[in-house]
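The numbers here are math on the coordinates, done by the rules we state, and not lab data. In this text the structure is predicted, and so the values were computed from the model without any measurement. All Cβ positions, glycine included, derive from the backbone under ideal geometry; neighbour counts span all protein chains shown.
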Amino acid sequence: MAASGPWKKKDADWVARLEADTVLNDDARCRLTTHQNAVGDVAEVIARHMGVSKGMSEAIGTAAAYHDVGKLQVPSEILCKPGRLTQEEFAVMRGHPAAGHDMLMQHVGRLAQLAASIALHHHESMDGTGYPHGLAGEAIPIEARIVGLADVYDALREDRPYRGGMPHEKALAIILEGDERTSRDKFCPKVKHVVEQHHEEIASHWRRYH
């Protein structure tokens, strides 16, 4: 995990400038903002229950809210497409972790570096099947392991253009046990344990945004 120390949410003010030059329409921007805020709050709860210090938990929550900032460069017709993506469209979508990392690394400060790490690695999987680099196990930064699970939880629960959101119990079962699309070995066991123990609190925080 990144080094501990004082973190201030105002340090993330520079992120607003990243939105000045994007290809998103208002509907896509609204969807993305809701998702990122929910993921940030859930990630902070998970980090706190993993024994991370209050300051670092808050930093992870703040940085996590920008895990998908690279999607600001994904065309709205792909981001909000109601049907299955083509291979070409999916390739564009899979480019958002690296794009977000590059955008965030243009800014100075430990919070920007933490956010860049999360943006780059939040789609990696413990079993090595994730992207963009196919990292596995503890090679994935712990903050990215936390945010990766929070990201999937919100993705399962929120309404998407191509399907309705799932109830909490079903989303939790998929995270803990897997299904036909999600391997049970995708997520960090330590993070899964915390989620299982504190799932009601996580659901409560998630409902603040949906």
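Each semi-axis of the equivalent ellipsoid for segment 70-125 is √(5λ) with λ an eigenvalue of the Cα gyration tensor; in descending order they amount to 25, 11, 8 Å. Computed packing ranks the peptides 43-56, 170-183 as 43-56, 170-183, most packed first, by mean other Cβ atoms within 10 Å.
The alpha-carbon atoms of segment 52-210 define a convex hull whose volume equals 123 cubic angstrom per residue. Taking 0.36 nm per residue of separation and subtracting the Cα-Cα distance, full extension of the segment from HIS133 to LYS54 would add 25.4 nm. Label separation (GLU180 vs HIS193): 3.3 nm, computed from points 7 Å beyond Cα along the C-beta direction. Residue exposure proxy: PHE90, PHE187, ordered by other Cβ atoms within 10 angstrom of their Cβ from fewest to most, comes out as PHE90, PHE187. Each principal axis of the Cα atoms in segment 32-100 has its own extent, and those three values, largest first, are 42, 22, 17 angstrom.
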